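To start, the structure itself, in structure tokens.
The values are calculated or read from the model by the stated rules, or taken from the named source; none is laboratory data. Please read these numbers as outputs of a predicted model, since none were measured by experiment. Cβ coordinates were reconstructed from backbone atoms using ideal geometry, including for glycine residues, and neighbour counts include every protein chain displayed. Ligands, DNA and RNA are excluded from the accessible area calculation, which covers all protein heavy atoms including side chains. Shrake-Rupley method; radii C 1.70, N 1.55, O 1.52, S 1.80 Å.
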Amino acid sequence: QLTNLADEIAYNNHDIDDGLRSGLLTVEQMQSVPIFARHYAQVQAAWPDLPGRRVVSETIRRMINTLIVDVTQTTSARLLEARPADAEAVKHCGPLVAFSEGLRQEADVLKKFLFENLYRHYKVIRMTTKARRIVRELFSAFIHEPRLLPPDYRHGDELKQARAISDYIAGMT
């Protein structure tokens, strides 16, 4: 449970940073996301002369802190209430590691925003489509000409060969 939320915090905030750095997202767009807008305003109020990139970094740092503190406090309260005796009891408690309801809603708004504006950005979709085509073409080239592969990835058996090529391509990424 904790790993899932830690991953969510890390990925979403990293994706905000990547989206802003790449120009796929703008600070103006991010203002429609309450958790970002609130922290961005706090940073600007605290340091009105801070350059743009540093404002974004500080905003993201504060968002991460808010999310971590919230999940820690919410989880502590749930653990105190449930008081599971052991790992087996935890399985029957339902989710113990969670955001508070208010922050869960804000995190969901952020996830929806990222999905609609970053992950489904036309440039991202275009690059994903190109990447798929390249991977398919690599697979086809290796299937039809196994000598393109290092010797450890060549097999006489067709099924083993396909698996080896898949592993080889996966290792390229």
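Pairing each residue of segment 141-161 that is touching a residue at least 24 places away in the same chain (Cβ under 8 Å) with any residue that is among the aliphatic types (A, V, I, L, M) and open to solvent by less than 60 Å² (accessible area, probe 1.4 Å), provided the two are 6+ apart or on different chains, yields C-beta distances under 8 Å for 142/149; 142/165; 142/169.
Any idea which of (1) touching a residue at least 12 places away in the same chain (Cβ under 8 Å); (2) under 30 Å from residue 21 (Cβ atoms) is the one residue 122 doesn't satisfy? That leaves (1) as the condition not met.
Here residue 8 passes the criteria (1) among the acidic types (Asp, Glu); (2) more than 25 Å from residue 115 (Cβ to Cβ); (3) open to solvent by less than 80 Å² (accessible area, probe 1.4 Å) except the one numbered (2). Does segment 19-50 hold any residues that are out of contact with any Ser or Thr (no Cβ under 7 Å at 6 or more places or on another chain) and crowded, with 19+ Cβ neighbours inside 10 Å, and which are they? Passing the criteria: 19, 20, 25, 30, 33, 35. Taken over segment 116-131, the residue count meeting the criterion of being open to solvent by 40 Å² or more (accessible area, probe 1.4 Å) and either part of a loop (DSSP other than H, G, I, E, B) or on the phi > 0 side of the Ramachandran plot (or both) is 1.
Of the residues making up segment 81-118, those that are in contact (Cβ under 8 Å) with a residue 24 or more places away in the chain and closer than 17 Å to residue 11 by Cα number 12. Report yes if some residue within segment 138-157 is in contact with an Asp or Glu (Cβ under 9 Å, 6 or more places away or on another chain), within 21 Å of residue 3 (Cβ to Cβ) and either acidic (Asp, Glu) or outside any loop (DSSP other than H, G, I, E, B) (or both); otherwise report no. Within segment 138-157, none of the residues are in contact with an Asp or Glu (Cβ under 9 Å, 6 or more places away or on another chain), within 21 Å of residue 3 (Cβ to Cβ) and either acidic (Asp, Glu) or outside any loop (DSSP other than H, G, I, E, B) (or both).
Residues that are in a helix (DSSP H, G or I) and of a type in the set (Ser, Thr, Tyr) were ranked within segment 74-115; the one that is nearest to residue 63 (Cα to Cα) is 74.
Yes or no: segment 65-75 includes at least one residue that is among the aliphatic types (A, V, I, L, M) and farther than 17 Å from residue 6 by Cα.
Of segment 65-75, the ones among the aliphatic types (A, V, I, L, M) are 67-69, 71.
Right, trim to farther than 17 Å from residue 6 by Cα and you get none.
No, segment 65-75 contains no residue that is among the aliphatic types (A, V, I, L, M) and farther than 17 Å from residue 6 by Cα.
Within segment 19-29, the set of residues being without any contact (Cβ under 8 Å) to a residue 24 or more places away in the chain, in a helix (DSSP H, G or I) and under 19 Å from the mean Cα position of the chain (by Cα) comprises 21, 22. Suppose the filter is closer than 18 Å to residue 99 by Cβ, in a helix (DSSP H, G or I), of a type in the set (Ser, Thr, Tyr) and open to solvent by less than 80 Å² (accessible area, probe 1.4 Å); does residue 66 pass it? Taking the combined requirement at face value, the residue satisfies it.
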